[in-house]
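Here is the structure we will look at.
The values are calculated or read from the model by the stated rules, or taken from the named source; none is laboratory data. Keep in mind that this is a model prediction, so the values were computed, not measured. Note that each Cβ is placed from the backbone with ideal geometry, even for glycine, and that neighbours are counted across all protein chains shown.
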Amino acid sequence: MIFYQLRKNCDQKHPYPPPEFLSQSINWRFYTKLFYESFVIFFILTAVATTVSKAQSITIKAERATLPSIMNKIEQQSGYDFWYNKGTINESEKISIDVKNQTLQRLLSNLFGSRRLSFELVDKTIFLKPAISKTQENPPKSKTEIQGIVVDTEGKPIPNATIKIKATNFATIADESGAFKISSLTDDGVLLVSSLGFSPIETPFSLSNRSLKIVLSFGENKLEDVQVVSTGYQNIPKERATGAFTQIDNKLINRSVSTNLLDRLDGVTNSLIFTKNNIVGASQSKIEVRGRTTLFSNAEPLIVIDNFPYDGDLANINPNDIENITILKDGAAASIWGSRSGNGVIVITTKKGKLNAKPKVSFVSNITLGEKPDLYYTPQLSSEEYIDVEQFLFNKGAYNTAINNGYSALSPAVEIFNAKKKGDISAADSLKAINLLKGYDLRSQQLKYLYRTNSSQQYLTSISGGSDSQIYYVSAGYDKNLLNLRGNNYQRITLNANNTYFLIKNKLEINSGIVYTNSSARTVAGADALSYPYSQFADVEGNALEVARTLRPSYASTVGNGKLLNWLYKPLEEFNNGYSGTNTNLSDYRVNLSLKYNIIPGLQAAVYYNYENSLNKSERLNELESFYTRNLINQYTQINPTTGTVSYPLPIGAILSTGSSSLDAHNGRFLLHYDQQWNVHKLAIIAGTEIRASKVLSESNTFYGYNPDTRTNQNLAVNTTVNFPLYYGNSSGRIIISPTQLETDNRYLSYFLNGSYGFRDKYLVSWSVRKDESNIFGVSTNQKGVPLWSAGLAWIINKEDFFHADWVSQLKLRATFGYTGNVNNNISAYLTATSTSGGTYNTYYATIQNPPNPSLRWEKYRNFNIGLDFGIINNRIQGSFDLWTKSGLDLIGSSAIAPQTGINLYTGNTANTKNKGIDLEINSTNLNGDLKWQTNLIINYTKSEVSTYMANNGNNYNVVSANYANPLVGYPYYALFSFKYAGVNNTGDPVGYVNGQPSIDYTAIRSSTNRDDLVYSGSAVPTYFGSVRNTFTYKDFDLSFNISFKLGYYFRKRSLENDALYGGGSNYQMADYQQRWQKPGDELITNVPALIYPSSVARSIIYTYSDVLIQRADHFRLRDIRLGYSISKSQHSILRNANLFLLINNLGLLWKANKVNIDPDFVSGIPTARTLAVGFRTNL
């Protein structure tokens, strides 16, 4: 295909690993062998390429054909594309040509030389431009030499720019770095500087001004890169696509610096929402594309990396190795992926080399510093308020059982109250001690001793390039994160090698790629069990203090008369020594191989293979010195009261808990790709088959009496059949050793056909058909597979003859309809049961989970999308608008079943959902002079509804506490319901409704099934979301900031909870303690009930789940500000396109609808702290 524009190559930069890269504890032997084998293959193939590859030959015979048609034939046979500016060639010229097996270079010279055109072959592209004669390049006589560099407004060099001395024939062309030299016969004059896609300028020179930096502005004829969308099966020019896509280019990916790829997409991606206000129990996906359609099946979008699904951890993917990302949103875009495409598809393409490109070495390095967490964000009772609560409960006798047994842990305040009561201390000493506690705040010690400023470092170096028959890309990356909690850290090493060879006159293409990742993480146990707001775990000098955890210190320090292990708990000592920490190691490697062969012009056969192996291992070592181990050993220790002999049912030694999860997956694909053009017709078809097999193995175990030096254990010495009396109290316990192993084996076989037809480059039709088959156990043969299909239409209106709106650069209408799918691998058509052991005799028994269901089917999603792509004012304003619907059919859900079957519910294809929405994205160039201002606006709207669900939804309490478990029909899956609340009465009791009447019958309110007594507030996830990103560029500086918004949703504020505060726990992190009802008349000014003792769970939940606690979650957030400075290559610098940047992230809310000072993204937990990143990118 011939394009009238230049490809804008954005060179990428990558960091170099620091010295500690070489000292990481990774399996060097393994990946050294792996990469040795890879590079042996690399060099063998290179030798083969050198031997087999010959000069490319072209055969063309035509009579009086137009020049563009001849160029099309050259494209078809050579695989090259022509790029030139309109007017460069005479498109109506008719020529006759008859060449046979002529080299491309010679053919181009003969064809364009007589037409005063020069050409250059770069990266499978033929650039055409007006030729400059030798006499122009080399004037016969020189007097003044002028030199300089030509760059664009972003400071990037402009290769092949034309520099001519005005009113003369003297001219030259800038080299690939934009540098030039030219001689003049006069001491002063004017240079005419021009380049394809840029506005020409005139620049004066003189004897005193002979070293020039010439900046060209993008001209009106400058277009962006030809956008190509990747489906994971093929690359399609966006102009020829009928489906709905979102594209994220390399520049946008690199705008942020997170080591996690998904974090870089947050707030900048159309149709993609990050569900940060996690709804506990709802199996909520971290990200959603166009909302949630399924109920209980996998809700995660499919991740595709370099043509194949990726089931590993996305934390393995180094964002600095990513070239671009495409999100497939509707049926036409995603249906090619069949049964795994229902939740959307995220296609990730990694970096590759370029043909005919010199070796390019790139570096990336950045460091990020983050603030300590804001521990004061979560509302809580003050130390004084909590001590008042403890005094009240002490007076009520709430602690009598714990006090009287002599060993249970007591808080420092209760210890003082009890000592005063027994007469051990005076009232004055008691008051003094209590006042001292009231002045303590646990958070201050946590910030001082446990938390630190976090830091993250990233380094990556890469080498890329290519010849006329090979391209390559090799990179190595290192990341190191020191997290907020001292002792927590993360390290990652990534290695990537990708090679492609073009053989047999470019008919054969061979690609090999391997990516290896090894990461390790350390998570410390932390200073837990600090149950009081005034807890102190260090004295004024920083020495560790004992804290009451399981046992009170007075008991723990004397019990056993020295025959037990130390039973005191000192959390700071545990923390500083790193006891009970967890080490996680993850290794992952992927191997991609492909072979493509051009059978005839336009017809290509391709074979792809992918192997993925991932191993995630975790170990939690509870050292013998740790409180966890000491406590457990002491509990089971037996001391003979007569002889004093000590026996240890739990062996002396550490306790090691291990877990591992491994993935082993093979993917194979064969396809035929046909792409041909006849005059005004274009046809592209792919057809093929795909096979996939994946095995997941999970294991866990516990080892007692473990010796970390010898890695031996004493599990064989443990008696697991006896209930041993525990050392304190009257209970007994059995030591459990329960190694587990779970293996899942999934296999898929698929057939697919995908095609598109274009007429006159204005009318487009696309279609896709796919059938997936899987080993879903017990399913009837005709149910093992699911056919999915889609169809699409597009009309490029601006190419119509009747369309005369010159201010409209692009106008394309498209519509698609089709089906995508989803599979639930957690259910089977056979009778399923869970086997369990336990009870007095440790017998095995099984619980039926689901009866047999041979009609079990795959989930299907019906998609409809109509969209408009537009560009106006020479594409200074571009965008897309999509209106879509998405219906979930045959979804997995619960349904009632006859009780004589032995169960009340069964799981099958019993539910449906309906989703609809709008996607809008607008990109505008507001200023395009020396000061350049660009804006990106994203607005998304999503509305969902459960349309069919056959199970009983339960009582009103089930609905308000967990509607997602059995969702109500007619409402979103994430619906937020509450009890209708009538405030508090004159005794401070909460008042609800039963059958529309105010009531304090809390049991009746809770168990009612009258939904009229409930209030539906709305969705718990945003229905409107998006962002506005502005970028300003002036000379070598750029400044951008991003504002995101989420609207149309609600959250439930956590308030005073009587049962949590008085019910025997020690939960003090709650709001509104001062606002509670305390005396008659308060009911007129507060909705917070009075605290009562003993507490009532039924009474507490009426207020906890009342509608008065619902808050609007709408907000606008300033996500980041980025300042960059570009350093253009100078004649004396080895750096090329270097860029320095500073990024401030997580700046906070600009506006929020709620007035209770809660960040809607962090209803629970602590907001992400602000970070400052400084980075550097460059090429050599």
Open item on the list: If Asn986 satisfies all but one of (1) without any contact (Cβ under 8 Å) to a residue 12 or more places away in the chain; (2) in contact with a Pro (Cβ under 6 Å, 6 or more places away or on another chain), what's the number of the condition it fails?
Closed with: (1)
- [ ] Please work out if Gly755 is surrounded by 12 or more Cβ atoms within 10 Å (Cβ to Cβ), of a type in the set (Gly, Ala, Ser) and on the phi > 0 side of the Ramachandran plot.
- [x] no
- [ ] Would you check if there is a residue in region 683-703 being polar (S, T, N, Q) and not in a strand (DSSP E or B)?
- [x] no
- [ ] Would you please list the contacts, defined by Cβ atoms under 8 Å and residues six or more apart or on different chains, that run from a residue in region 394-414 that is assigned to a helix (DSSP H, G or I) to a residue that is of a type in the set (Asp, Glu) and crowded, with 18+ Cβ neighbours inside 10 Å?
- [x] Ala413/Glu390; Val414/Glu390
Open item on the list: Please count how many residues of region 562-617 are over 26 Å from Lys351 (Cβ atoms) and of a type in the set (Asp, Glu).
Closed with: 2
TODO: Can you confirm whether region 506-516 contains a residue that is under 20 Å from the mean Cα position of the chain (by Cα), under 26 Å from Gly465 (Cα atoms) and buried (at least 18 other Cβ atoms within 10 Å of the Cβ)?
DONE: yes
TODO: Of the numbered conditions (1) surrounded by 16 or more Cβ atoms within 10 Å (Cβ to Cβ); (2) in a loop (DSSP other than H, G, I, E, B); (3) free of Cβ contacts under 8 Å to residues at least 40 places away in the same chain, Glu573 fails exactly one; give the number of that condition.
DONE: (2)
Task: Filter pass, Val515 being part of a strand (DSSP E or B), of a type in the set (A, V, I, L, M) and in contact (Cβ under 8 Å) with a residue 40 or more places away in the chain - done: yes
Open item on the list: For the structure I just gave you, tell me whether Asn1042 is surrounded by fewer than 18 Cβ atoms within 10 Å (Cβ to Cβ), polar (S, T, N, Q) and under 30 Å from Asp930 (Cα atoms).
Closed with: no
TODO: Look through Thr721, Thr710, Thr744 and report the one residue that is over 21 Å from Leu621 (Cα atoms), out of contact with any Ser or Thr (no Cβ under 9 Å at 6 or more places or on another chain) and β-branched (Val, Ile, Thr).
DONE: Thr721
Task: Within region 458-473, considering residues that are assigned to a strand (DSSP E or B) and surrounded by fewer than 19 Cβ atoms within 10 Å (Cβ to Cβ), the one modelled with the highest pLDDT - done: Ile463
Open item on the list: Given the options Thr1003, Thr1023, Thr987, name the one that is among the β-branched types (Val, Ile, Thr) and within 26 Å of Lys943 (Cβ to Cβ).
Closed with: Thr1023
Open item on the list: Please determine whether any residue of region 425-442 is polar (S, T, N, Q), surrounded by fewer than 18 Cβ atoms within 10 Å (Cβ to Cβ) and touching a residue at least 24 places away in the same chain (Cβ under 8 Å).
Closed with: no
TODO: Under 6 Å between Cβ atoms, at least 6 apart or on separate chains: pull out the pairs that start in region 650-679 with a residue that is within 30 Å of Leu624 (Cβ to Cβ) and end on any residue that is charged (D, E, K, R) and outside any strand (DSSP E or B).
DONE: Ala654/Glu623
Open item on the list: Suppose we filter region 1147-1167 for residues that are surrounded by 15 or more Cβ atoms within 10 Å (Cβ to Cβ), in contact (Cβ under 8 Å) with a residue 40 or more places away in the chain and not aliphatic (A, V, I, L, M); how many remain?
Closed with: 6
Open item on the list: For the condition of a type in the set (Ser, Thr, Tyr), surrounded by fewer than 19 Cβ atoms within 10 Å (Cβ to Cβ) and touching a helix residue (DSSP H, G or I) at 6+ places or on another chain (Cβ under 9 Å), what is the one hit in Tyr1093, Tyr1073, Tyr1103, Tyr1125?
Closed with: Tyr1093
Open item on the list: Looking at Ile737 and the list (1) in a strand (DSSP E or B); (2) modelled with pLDDT under 95, which single condition is not satisfied?
Closed with: (1)
Open item on the list: Testing Ile918 on (1) of a type in the set (A, V, I, L, M); (2) free of Cβ contacts under 8 Å to residues at least 60 places away in the same chain; (3) under 22 Å from Arg857 (Cβ atoms), one condition comes back false. Which one is that?
Closed with: (3)
